[in-house]
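Written out below as structure tokens is the structure these notes cover.
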Amino acid sequence: MNIFHYYPKVLPVKKYGGTQRIAVNLMKEQANMGHRVYLLSLAGTHLPSINVMAIKKPIRNVEDYVPRDVDIIQLYGTPREIPRKPYLVRIGGNGKPGEKFMPNTVFVSKNHAMRHGSTHYIYSGINLDDFIYREKKERYFLFLAKVSWKVKNVELAIKLAKVMGFTLIVAGGWRLSFRRNVKFVGEVNDKEKAKLLAGARALIFPTNWEEPIGNVTLEALASGTPVITTNRGAMPEVVTSDVGFRCDTFEQFKEAIERIDEISPRKCRERVEENFTARIMTEKYIKEYERIIQTGSL
């Protein structure tokens, strides 16, 4: 199959950018499966296994760049103009109130789809080789998300560390901390992130918005690291009782910290191996492509 992707960013990203990483995972895995993959992206993009076409800024209509032999167009946001060729749109974030989505749109979790009036979703998938699986953990807990984004709720993780006295490493932004047990390390690259995730006793992910999927939770589980999170958005679909804890109150978060050694690192890894790999995600996209090409819709 010949697949054309339009992603108007510089790829791959070096630090923050979970949605971009999932898009790259999809393209690379399609190429690994033998498909011919084209990408229209911003200048500076470098993906060796992909046929990259560079533009200086985002464009309104991709039709002029699509090779004739392309079977389907993969988009990562609702297009301003509907392509004439078969297409599929992936929505990775929460839409704005009243936002309309095209018929051939998939979301990234069941909850995400339901909240946008759809039943079509494909879970994000990660490349297991990008992460370090470790069963023996160090003594710190980890918060890894954009610190400046209040919905990620770094304040709760810091409060837990202050009250309980455990070591907390915060990655995803800088802030002054006058406590020895709370350490901010800023944004980290892929190698640094993999090491932090592998060594942590748990990822504390106290999101307080409707999380579409929470890519970092998949990355933690792939590292054999349990997740302590909330019940918001897709978290009940990702974090089951055998791989972590879902909490509604501060006291429940405290209990989860105390019980974290009950969680098996092997179970965490298996959760991703069985449900959230790049290969599983890509196979599902290919099936939807075939259905769209044959019938015109999902």
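All of the numbers you see were taken from the coordinates with simple rules; none came from a lab. As the structure is a prediction and not an experimental result, all values here were calculated from the model. Neighbour counts run over all protein chains shown; Cβ positions are idealised from the backbone, glycine included.
So what is the relative contact order of region 138-207, in percent, for Cα pairs below 8 Å that sit 6 or more residues apart?
44
To make sure I understand, if each residue's beta carbon is the centre and we count other beta carbons within 10 Å, what order do I82, I3 fall in, fewest to most?
Numbers: I82 14, I3 23.
Fewest to most other Cβ atoms nearby, the residues stand as I82, I3.
List, in the order given, every pair from K15/K159; K96/K284; K136/K162; K137/K162 whose Cα-Cα distance in the structure shown is over 23 Å.
In this structure, K15/K159; K96/K284; K136/K162 lie more than 23 Å apart at Cα.
With 10 angstrom as the radius, rank E210, E219 by how many other C-beta atoms surround their C-beta, starting from the fewest.
Listing E210, E219 from fewest to most nearby Cβ atoms yields E210, E219.
Distance cut-off 27 Å, Cα to Cα: go down the list K146/K287; K28/K152; K191/K267 and report the pairs above it.
Beyond 27 Å: K146/K287; K28/K152.
Could you order peptides 4-10, 220-226, 153-159 by the average number of other Cβ atoms within 10 Å of their residues, highest first?
220-226, 4-10, 153-159
In whole Å, what are the extents of the chain along the principal axes defined by its C-alpha atoms, from largest to smallest?
61, 36, 35
Need one number: nm distance between label points at K159 and K136, each 7 Å from Cα along Cα→Cβ, rounded to one decimal.
Each label point is offset 7 Å from its Cα along the Cβ direction, giving 3.7 nm.
V151 label point, 7 Å along Cα→Cβ, cut-off 14 Å on backbone N: hits in region 70-103?
Within reach of a label on V151, which here means backbone N under 14 Å from a point 7 Å along Cα→Cβ, region 70-103 contributes 92-99.
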